[in-house]
Amino acid sequence: MAAVSMTVNGRSVTADIDPRTLLVQFLREDLRLTGTHVGCDTSQCGACVVHLDGKAVKACTILALQCEGAHVTTIEGLANGTELHPMQAAFREHHGLQCGFCTPGMIMTAVDLVNRKGSDVDEHTIRHELEGNLCRCTGYHNIVKAIAAGARAMAQAPLRQAAE
Amino acid sequence: MYAFAFHRPTSLRQAASLVGKLEDAKFIAGGHTLLPTMKQRLAGPANLIDLNAIPELAGIERSARAVTIGALTRHAEVAESKDVREAIPALAELAQMIGDPAVRHRGTLGGSVANNDPAADYPAACLGLAATIVTNKRKIAADDFFKGLFETALEEGEIVTRVSFPIPQRAGYMKFRNPASRYALVGVFVAKRAGEVRVAVTGAGANGVFRWKEAEERLKARFAAKSLVGLSHSPEGLNSDIHADAQYRAHLIGVMARRAVEAASNRE
């Protein structure tokens, strides 16, 4: 066993874990944050995407011990209390899911892409950036629509907060 | 995964001393090859030495003659680096073509080079640009570094610290992806340097990355895609598998080489 400490969704966590524990296992099984899914377990499908120090990564292909001292954000860390993150709200609004299994990874990837590419992303860029996220319900069309809308909403969100 | 002990040194010296002391130790950087291999129990090191907390391995430096990239630099950092984009745009484009955004946030230059996967992209850039691979012990020319499938000139416990890429006059990289895995079925890196042209091919060789000398000679006479018309690579010594046979790969080498030259020529 080995000790690990990191910050997950703003909360400091410390645990004694088997060195083999993947970040996604640590999140789901130790912290009970089951919003992050395990799809393929081979870094292809993107169901396990979380943000590690602000960047989208596949949590099935990182050891929890490699995240010592890091800041991790999962799908559970996006909403502000009961108010959905603009990207989450856009997925609901535009029906960007069918079964919902890929959705946490899709949303974490979408937020990361807006962080990197800005809120003005075009459809081509969005589709290209989703290369590492698979949806088996063939829901890409609405996912792309949702991300475009979520991206625009993310640009407006700070303004709305300022107005409140 | 088989059980292992985990170590996280914070300096190169510590890492080197750990690997000298520990039995059956392996380095891990981005881990995007090693961890899947360990999950499948194709690798089961007793000790894993994580290189991610070593600051000496980070950073990109640009001089008048070369761009030197730390081994722990992620593919996304290379793709987005202003220095790389200005000095060697083909290298930034190559980094941008690896995997997907999440993979590029994690995978490293040093890991790719040290692993020498026959379908990896960076070995083609190293060979094509006549890069120098710098380790904690010595400097190795790319021509002497890549030895075969997953084999390099690295000795036991030797750590790649950075790679120095001489700035070419022109360069281009094109790859034909396996539609499922997105790895290169064939990737060709072409670079025009003072006094020579280099053409490096990845994904195709049964022995890993290699230089296509006939194409180099033709392009040295005239650096244009037209110079390669009618020249085809022999299927001899190329990979044949369920994804593509040797003949198809041979054909793709010609096509990708011409496209890479076009990409290099069209650059302002």
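The values are calculated or read from the model by the stated rules, or taken from the named source; none is laboratory data. Computed from a prediction, not measured in an experiment: that's the story for all the values here. Virtual Cβ from ideal backbone geometry, glycine too; neighbours counted across all protein chains shown. Heads up: the accessible areas ignore ligands, DNA and RNA and are worked out on the full protein's heavy atoms, side chains in. Shrake-Rupley method; radii C 1.70, N 1.55, O 1.52, S 1.80 Å.
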**OP:** Could you tell me the largest-minus-smallest coordinate of the C-alpha atoms of chain B on each of the three principal axes, in descending order and whole angstroms?
**Re:** 55, 45, 31
Subject >> For residues of A:62-68, the mean tally of beta carbons on other chains within 10 Å >> reply: 6
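What are the membrane-span-like helices in chain A by this rule: whole DSSP H runs, Cα extent along the axis at least 18 Å, mean Kyte-Doolittle hydropathy at least -0.5?
Numbers: long enough: A:103-117 (20 Å, 0.23); A:140-163 (34 Å, 0.22).
For chain A, where a helix must reach 18 Å along its axis and average at least -0.5, the hits are A:103-117, A:140-163.
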Subject >> Residue-averaged 222 nm ellipticity for the protein assembly as shown, from DSSP H runs of 4+ at -39500 (n - 2.57), nearest 500 >> reply: -9500 deg cm²/dmol
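I'd like to know how region A:28-164 sits against the 2.2 N^0.38 Å rule of thumb: what's its Cα Rg over that expected value?
Numbers: Rg = 14.4 Å, N = 137, 2.2 N^0.38 = 14.3 Å.
My calculation over the Cα atoms of region A:28-164 gives 1.01.
Just check region B:137-223 against the gyration tensor rule for me: Cα atoms, a ≥ b ≥ c as the square roots of the eigenvalues, rounded for a/c under 1.5, and otherwise prolate or oblate depending on whether a/b exceeds b/c.
Working: a/c = 1.92, a/b = 1.18, b/c = 1.63.
It is oblate, given that a/c is not under 1.5 and a/b is not larger than b/c.
What do you get for Rg/Rh of region A:1-52 when both radii come from the Cα atoms and Rh is the Kirkwood radius?
On the way: Rg = 11.3 Å, Rh = 11.7 Å.
A ratio of 0.96.
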**OP:** Using 0.36 nm per residue of separation minus the Cα-Cα distance, give me the extension gain between B:L149 and B:A3 in nm, one decimal.
**Re:** 49.9 nm
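When the solvent-accessible surface of protein heavy atoms is calculated with a 1.4 angstrom probe, in what order do A:M154, B:M174, A:M106 fall, highest first? It would help to have the intermediate numbers written out before the result.
Working: A:M154 35, B:M174 60, A:M106 0 Å².
So, going from the largest accessible area down, we get B:M174, A:M154, A:M106.
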**OP:** Specify whether the C-alpha gyration tensor of region B:23-180 places it in the rounded, prolate or oblate class, a ≥ b ≥ c being the square roots of the eigenvalues: rounded for a/c under 1.5, otherwise prolate if a/b is larger than b/c and oblate if not.
**Re:** prolate
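Sort B:E80, B:E216 by accessible area with a 1.4 Å probe, largest first.
Details: B:E80 105, B:E216 15 Å².
Sorted descending by solvent-accessible area, the residues read B:E80, B:E216.
From the square roots a ≥ b ≥ c of the eigenvalues of the alpha-carbon gyration tensor of region B:5-52, which class results: rounded (a/c under 1.5), prolate (a/b over b/c), or oblate? Don't jump to the answer; show the numbers that get you there.
On the way: a/c = 3.03, a/b = 1.58, b/c = 1.91.
It is oblate, given that a/c is not under 1.5 and a/b is not larger than b/c.
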Original post:
Where nothing but the Cβ of Lys and Arg (+1) and of Asp and Glu (-1) is charged, how large is the charge dipole of region A:1-150 around its Cα centre, in debye to the nearest 20?
Top reply: 180 debye
Original post:
Put +1 on the Cβ of each Lys and Arg and -1 on the Cβ of each Asp and Glu in the protein assembly as shown; which of B:N178, A:A149, B:A130 then has its Cα farthest toward the positive end of the dipole?
Top reply: B:A130
Subject >> Principal axis dimensions, largest first and in whole angstrom, of region B:40-90 by Cα >> reply: 44, 23, 17
Original post:
Expressed in whole Å with the largest first, what are the equivalent ellipsoid semi-axes of the protein assembly as shown derived from the C-alpha gyration tensor as the square root of 5 times each eigenvalue?
Top reply: 37, 27, 20
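Quick check for me: using +1 on Lys/Arg Cβ and -1 on Asp/Glu Cβ, what's the dipole size of the protein assembly as shown about its Cα centre, in debye to the nearest 20? Don't skip to the end; give the middle numbers.
Numbers: 49 positive and 45 negative charges, 194 e Å.
About 940 debye.
Counting only protein heavy atoms and rolling a 1.4 Å probe, how much accessible area do B and A lose on contact, total for both sides, in Å² to 100? Intermediate results must be reported in sequence, preceding the final value.
Working: alone 12790 and 8810 Å², together 19440 Å².
Adding both sides of the contact gives about 2200 Å².
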Original post:
Between B:I242 and B:K39, what is the label-to-label distance in nm when each label sits 7 Å out along the Cα-to-Cβ direction?
Top reply: 1.9 nm
Subject >> Restricting region B:237-268 to trypsin sites (Lys or Arg not before Pro) in coil, as DSSP defines it, with at most 15 other Cβ within 10 Å >> reply: B:R267
Original post:
Semi-axes, largest first, in whole Å: what does sqrt of 5 times each Cα gyration tensor eigenvalue give for region A:86-159?
Top reply: 18, 13, 10
